[in-house]
Amino acid sequence: MGTGVIRGEGRRRRRRASRPMSEINVTPFVDVMLVLLIIFMVAAPLLTVGVPIELPKTAATALPSEREEPLTIALAGDGRILVQNSEVERERLIPLLRSVAAERETDRVYLRADGAISYETVMQVMGALNASGFRSIGLVTEQGGPRLDGLGN
């Protein structure tokens, strides 16, 4: 008799233990999402690729910002021309700029030129910009350069 009672209790315990859980454990999901968030936060600043350009310094103030992402043309120290960080050959520059100008709301473009680039090369690119329909060309410089009035750095 004693063994029958024990067997019956054992069956009840097994039935309770074999029931599926009705709760979802979200802790592993949250852990994975937090790890991914940290990875993206660390990796995002590394994704901005740029060309090292030594901009000339000037005492001029910055231009006001726009709604549309600004079009940026960069002249690297080794003579390369980059449109929005994509290298473009000199022969393809004007046709590319004309197609870009047709799609844009404004005719503003920012020109970044390395200080080692000759004035002639900068003027040739500015002429290409003008011929492509860009009439508002902003020259990008770094602040803190010498002032010609002798009152500051």
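So between Asn85 and Arg147, what do we pick up on full extension, going 0.36 nm a residue minus the alpha carbon distance?
Length gained, Asn85 through Arg147: 19.2 nm.
With each pseudo-label sitting 7 Å past Cα toward Cβ, what's the Leu37-Ala59 distance in nm, one decimal?
4.8
Net charge near Ile117, counting Lys/Arg +1 and Asp/Glu -1 over other residues with Cβ under 13 Å of its Cβ?
Its environment carries a net charge of -2.
What distance in nm separates the two pseudo spin-label positions at Tyr119 and Glu69, each 7 Å out from Cα along the beta-carbon direction?
3.5
Report ³J(HN,Hα) in whole Hz for each residue of region 127-135, in order, from the Karplus equation J = 6.51 cos²θ - 1.76 cosθ + 1.60 where θ = phi - 60°; Gly and Pro get x.
x, 5, 5, 5, 5, 8, x, 8, 9
Rule-based calculations on the coordinates, nothing more; no lab input. Keep in mind it's a predicted model, so treat the numbers as computed, not measured. Here the Cβ is made from the backbone with ideal geometry for all residues, glycine too, and neighbour counts use every protein chain on show.
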